[in-house]
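Every number here is computed from the coordinates shown, using simple stated rules; none is lab data. Everything numeric here is computed off the predicted structure, so don't read it as measured data. Here the Cβ is made from the backbone with ideal geometry for all residues, glycine too, and neighbour counts use every protein chain on show.
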Amino acid sequence: MALFAGAFLILFAVVTTWLVINSAGRVRWVEHTLEVEREISEAQATLYAAESAARGYISTGNPGLLSNPVGADRALWVKLGEISSLTSDNPRQSAALRGVEQSAAARLAMLARAVALKRAGSDAAAQKQLTDPLGIRQENLFREATDGMRAEENRLYVVRLKQAEDSRRALLVLSTLTGVATLAFTLAWISNAWRSTQALQAAYAELMSANTQLKTEIEGRAVAEGQIRQLQKMEAIGQLTGGIAHDFNNMLAVIIGNLNLMQRKLASGRSDIEPYAAAALEGAARAAALTARLLAFSRQQPLAPQPVDVNKRMVRQSEILRRLLGETIMIETVQGAGIWRAEVDPVELESAILNLAVNARDAMGGEGKLTIETANAHLDEAYARANGVAAGQYVMIAVTDTGSGMTPDVVDRAFDPFFTTKPAGQGTGLGLSQVYGFVRQTHGHVKIYSEPNHGSTVKIYLPRLVAEHAAESEESKPVPARLVGKPEEIVMVVEDEDRVRQFAVEALRELGYTVLHAHSARAALDKLQAEPGISLLLTDIVMPEKNGRQLADEALQIIPNLPVLYMTGFSRNAVVNNGMLDSGVNFLPKPFTLDQLGAKVREVLDAAA
Ligand SMILES: Nc1ncnc2c1ncn2[C@@H]1O[C@H](COP(=O)(O)OP(=O)(O)OP(=O)(O)O)[C@@H](O)[C@H]1O
Ligand SMILES: [Mg+2]
């Protein structure tokens, strides 16, 4: 539209300019015609003036009347010359002019002769010459010719005037048209601009509304996502509690059933209850193992990290694994050179590797190759950020098998507690969750790489030990020679939970110790004041009023160097910081068996002696 309007206006401008120039030309031609006419009239007047002068002189004899006959003669020729140049473009007028010149010349010559005769005194001859019909004819010819030329110019004047008028009118029409067109175009442009502004405003409003809709949708989606997350969380908790309840019920069924059988036997006076007691104990031990794995997953098991030479550990453990996996599975250990010391609880590390090896065995269906590899590793910032681990130096242990591998879906869920693909009774789904919890609690990192039908690699990254001087102390663990105690060894048991206290007291008495007991820190401190000969304080950590740690601190004021042994089932307490045991602290995790209690008490007493 704009292009069309522009071209149209340019065309109008060109035509108008042409018309203006053309019209000016026409006007000039009209003026030219008038000038030619004026020149012709003047030429006529000049010849008639010469004629009158000659006639006056001849009839009066007054020479004053002939003041300048030669001048009149020359003036006529000048005029005729001007007319000639003015009409040179018009052949008709040029031809007519030649006639005018001839008759003018002949008439002027006769007038000159008449004047000369008068001067010579022959008045009659002069008069005769003046009225000679030939001369009169020449004069008539001159008049007719000049009148003809004027008539021709008159005709041209009419034609040219009309042409000038026409072009003026055309110019007027064209400029009116141009004005109208310009106005029309301007109006069209304004209306166009207005319409596009309207369209822009409409588009903007539409965009705004789409934006608002999008925002509402995003908010809606966020709410929906939150609900889905909540649902997933509830589902995970459901899976977890369901798994725990299921496994615990099985174990409780074993314990309760066997205890019932024992009761019946005892009621009927029989004492052959040993197999039932053993079965009940085994069920309880399995329940204890289950809680231990759960605590490991929730990163709440108390860990005792030590400097560990991972290569040495792996060599020792591969012997155990060889026995566990059987002869059809090949075990290869690839020990990295110059491996740094790791800071990790060695017992839990062993159990994690064992879990991975058992998974590998199950995946290989009894035949294949298990590779345990160690290496130093550096986790860079980008990897660390993407995997929620601190960047830095780690000791890496990779356990690789040639088994069935895992689909990405299984990899995603493998660390979930109670997630298992194994048939009921063959897997609890707690193995990898235990590994995960333990590694995370150790501030390490664990990652699964797996190809279905090719095998899997699980890589564990343990933080590098920073203290230079730390020596591996794991070999120096004293093995208690005997579990029994002596009557002169007095153990003070402090525990707010009656049943646990009762069991500990009776078990220690059974082992031969003299036992004092208290249900709170306050009562214990009173007894400590009264009995300064106490050899060991065995205390719970989490108790109302005063905790085990505070009790131990005050007890040491009364009896310096008193050995203290803590017991607890929970890692978030006064002795365990961030899941790590304070160094030099003796610790017995609950639940414990009589043997475990005896061994630990013996170990602490022997170490103090
Ligand atoms: N090396 C492996 N190769 C193939 N699949 C594996 C491997 N390790 C783990 N998985 C898969 O991950 C699941 C979870 O493993 P996890 O060790 O947590 O439980 P589980 O072995 O099934 O039971 P549990 O270890 O308690 O006896 C397994 O059931 C299995 O499907
Ligand atoms: Mg497993």
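In this rough spin-label picture, where each label sits 7 Å from Cα along the Cβ direction, the D147-K369 distance is 14.1 nm. Amide H to amide H, with H built 1.01 Å from N, F587 comes under 5 Å of Y566, counting only residues 5 or more places away or on other chains. Axis of helix 274-297 versus longest Cα principal axis of the chain: the two differ by about 30°, to the nearest ten degrees.
The length gained by stretching the chain between A523 and V411 to full extension, at 0.36 nm per residue less their Cα-Cα distance, is 35.0 nm.
A straight Cα-to-Cα reach below 13 Å connects K312 with the aspartates and glutamates E350, E373, E472, E474, E475, residues fewer than 8 places away in its own chain not being considered.
Note on the chain: Cα-Cα pairs beyond 36 Å make up 67% of the total pair count. Alpha carbon centre of the stretch 381-439 versus the stretch 312-367: separation in Å? Spelled out, the Cα-based centre of one part sits 16 Å from the other.
In straight-distance terms, cross-link reach from K546 covers every one of the lysines whose alpha-carbon lies under 21 Å from its own, apart from those fewer than eight places away in the same chain; here that gives K527, K590.
What FRET efficiency would be calculated for the residue pair A112, E165, taking the C-beta separation as r and a Förster radius of 56 Å, to the nearest 0.05?
Here the calculated transfer efficiency is 0.75.
Cross-link partners of K233 among aspartates and glutamates, defined as those whose alpha carbon lies under 13 angstrom from its own and excluding same-chain residues fewer than eight positions apart: E225, D416. Between V315 and L354, residue separation times 0.36 nm minus the direct Cα-Cα distance comes to 12.7 nm. For the pair A188 and R92 in one chain, pulling the backbone fully straight at 0.36 nm per residue adds 29.0 nm over the alpha carbon distance.
The K546 and D606 beta-carbon pair, evaluated with R₀ = 25 Å, returns a calculated FRET efficiency of approximately 0.30. Placing R0 at 45 angstrom, the Cβ-Cβ distance between Q557 and Y383 gives a FRET efficiency of 0.35 after rounding to 0.05. Counting only DSSP beta bridges with both residues in the chain, the antiparallel share comes to about 55 percent. Packing order of peptides 128-138, 180-190, highest average first: 128-138, 180-190 (average count of other Cβ atoms within 10 Å over each peptide's residues).
Relative to the longest principal axis of the Cα atoms of the chain, helix 69-86 runs at roughly 30 degrees.
In the chain, helical runs assigned H by DSSP with n ≥ 4 each contribute -39500 (n - 2.57); averaged across all residues and rounded to the nearest 500, the mean residue ellipticity at 222 nm is -22000 deg cm²/dmol. The long axis of helix 521-530 is offset from the longest Cα principal axis of the chain by roughly 40 degrees. Of the peptides 345-355, 306-316, the order by per-residue mean of other Cβ atoms within 10 Å, starting with the highest, comes out as 345-355, 306-316.
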